[in-house]
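What follows is a short report on a single structure.
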């Protein structure tokens with residue numbers, strides 16, 4: 001048995017399922033998200049460069065530690081991939097997640113000093129940036145146009161060879177927590193592949209779901225949505241419940257189940273287990289912070305963690321809305337009313353809201369922009385959460401896509417811009433004053449407190465308040481494309497049949513009360529049969545299956561109850577604790593760390609950076625930006 005519960009269905013695919021999967025393959029090929037030989041060869045070449053540099057660096061550091069040359073040659077060291085590349089769902093334009101694993105005589109300080117300098121000196125590697133203070137420290141770089149995120153892990157071993165089994169939990173003993181988090185990137189990815197019954201179906205389904213998530217603008221762990229590993233675990237759970245299903249069926253079941261999922265009921269791929277190694281694990285019974293998580297998706301290896309801790313109540317609602325809308329679109333696809341391309345259409349954003357905030361970052365060169373943009377992006381979710389504290393703001397919706405600023409606005413300076421859509425409560429004839437200045441100022445202070453080491457001349461941030469009509473200057477193509485997206489979705493055939501079914505039930509009840517009801521009932525049955533025969537046999541088969549699946553939604557939703565039974569004490573206590581903490585969930589991340597923010601603001605006063613800001617437009621609070629924060 002795969003997963004926490006028994007399967008929902010192990011039925012083999014039908015001819016219609018296979019045909020729909022073939023049409024899915026064609027759609028994915030048109031979207032250019034299928035791996036090609038050129039993509040594979042380029043990535044292998046990039047990884048070969050990284051591997052050679054890592055081997056040279058390990059040898060150099062080993063010699064500096066006065067190891068014999070023979071011993072230094074045998075200490076080993078690994079460069080492993082994880083994420084989308086390891087799962088086999090990469091394509092042109094995707095990044096590579098890698099980790100360098102070294103023996104115990106090489107330290108993290110060596111990694112962020114000598115290895116970092118080695119990367120900077122290599123002419124084939126560009127935009128090298130070290131993020132040493134991150135929750136998972138990383139060195140970012142670009143090689144041959146491919147973005148690389150490289151982590152570091154130091155094992156308590158004299159030698160690290162290729163046959164080292166990284167899935168052994170004992171390897172984590174006495175390791176630095178940062179090394180454990182880094183190493184678990186590989187361990188989680190490898191474990192996901194081991195926990196799915198059919199890898200090929202899993203990969204194709206994941207490719208489709210990741211494309212869907214990017215088009216629907218719900219793909220970004222840093223901005224409060226779901227990252228790649230979280231989407232992979234959700235798809236893996238569906239594969240466990242339908243082990244013999246083909247990708248077309250798995251995608252339909254994906255939206256069917258998760259549109260009804262009772263969050264914060266966690267998603268797990270295997271039972272949790274505990275080891276006495278001293279590392280914190282996700283457990284809402286013990287950890288207060290874990291009780292506030294609204295969409296827990298738990299990693300399958302020790303120490304178990306929630307991969308979606310950045311998700312807020314607001315972003316959860318956005319994701320759930322996309323699940324429900326896409327389930328309706330799947331009804332159209334399965335009845336032949338629409339093609340797969342409709343599922344992958346971008347969601348409406350710029351035509352959905354009337355008011356927006358634009359957050360623009362500037363720098364003097366592309367390399368500075370790459371570094372400055374990464375810092376701002378990692379903190380943007382704090383701004384969106386803070387804006388929802390305003391009484392009249394019902395929703396603050398951050399678009400994770402980055403856009404280029406038009407040349408007439410940027411004046412030739414390298415720049416990137418994000419947009420936040422604001423849903424304002426109805427005024428009932430009253431004038432609403434929307435004042436975001438305090439929240440924007442707090443956000444800028446937070447950035448400055450985190451940016452002591454990277455600020456350079458020309459790094460600016462600008463926040464503008466815009467109306468929908470102002471977007472024509474910024475994103476004219478996006479506005480045009482969104483206007484072409486149909487407003488209504490859902491299968492008309494299924495809706496018609498469901499309506500006919502309800503009408504037939506009410507009519508039969510009335511006819512039974514009248515005289516000559518038998519004759520009328522017989523006539524009504526003949527009319528119904530005529531309507532049914534008007535459909536093709538193929539569509540009838542699909543529709544009947546869809547209707548049956550809708551009737552069995554209740555039984556499919558019992559998966560939550562089964563999962564609860566497998567870990568009853570944890571989940572019952574979790575649910576009760578969640579209800580007790582509903583009020584605390586509404587607080588923003590900035591407000592919950594008010595004392596910390598005060599400390600940051602005090603530190604910023606003593607900062608060598610410029611502490612000036614500028615509000616344009618008097619009291620309208622339309623624009624707030626830094627004035628060239630400088631490093632003396």
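Observations, loosely collected:
- Gain on full stretching of the segment that runs from residue 430 to residue 483 - 0.36 nm per residue minus C-alpha separation: 16.1 nm
- Rounded to 5, the percent of DSSP beta bridges in the stretch 37-191 classed as antiparallel: 65 percent
- Among 135, 254, 403, 443, sorting on how many other beta-carbon atoms sit within 10 Å of each Cβ, with the fewest leading, yields 135, 403, 443, 254.
- At q = 0.11, 0.16, 0.18 Å⁻¹, base-10 log of I(q)/I(0) for the stretch 349-486 (Debye sum, equal scatterers on each alpha carbon): -0.43, -0.88, -1.08
- Computed extension gain for residue 287 through residue 30, at 0.36 nm per residue and net of the alpha carbon distance, reaches 87.9 nm.
- Rounded if a/c under 1.5, otherwise prolate or oblate - the stretch 1-55, Cα gyration tensor axes: oblate
- Estimated inter-spin distance, residue 161 and residue 127, nm [label 7 Å along Cα→Cβ]: 4.0 nm
- Gyration tensor verdict on the stretch 42-139 (Cα atoms; rounded if a/c is under 1.5, prolate if a/b is larger than b/c, oblate otherwise): prolate
- Here residue 60 and residue 38 are evaluated by their C-beta separation; at R0 = 35 Å the FRET efficiency comes out at 0.55.
- Note that the stretch 203-305, at 25 °C in a medium of 0.890 mPa s, gets a Stokes-Einstein diffusion coefficient of 165 µm²/s from its Kirkwood radius over C-alpha pairs.
- Cut-off 13 Å, label 7 Å out along Cα→Cβ of residue 215, residues of the stretch 316-349 by amide N: 326-327, 329-330, 333, 338-348
- Order of 237, 373 under a 10 Å beta carbon neighbour criterion, fewest first: 373, 237
- Computed E for residue 457/residue 337 - FRET, C-beta separation, R0 51 angstrom, nearest 0.05: 0.35
- Fully extended contour minus Cα-Cα distance, from residue 70 to residue 22, at 0.36 nm per residue: 11.8 nm
- Residue 45 paired with residue 468, simple spin-label distance in nm, labels 7 Å along Cα-to-beta-carbon: 4.7 nm
- Sorted by Cβ neighbour density within 10 Å, fewest at the top, the residues 410, 62: 410, 62
Coordinate-derived values only; no laboratory data. Treat the numbers as computed from the prediction; the structure is a model and nothing was measured. No Cβ is skipped: glycine too gets one built from the backbone with ideal geometry, and neighbour counts run over all protein chains shown.
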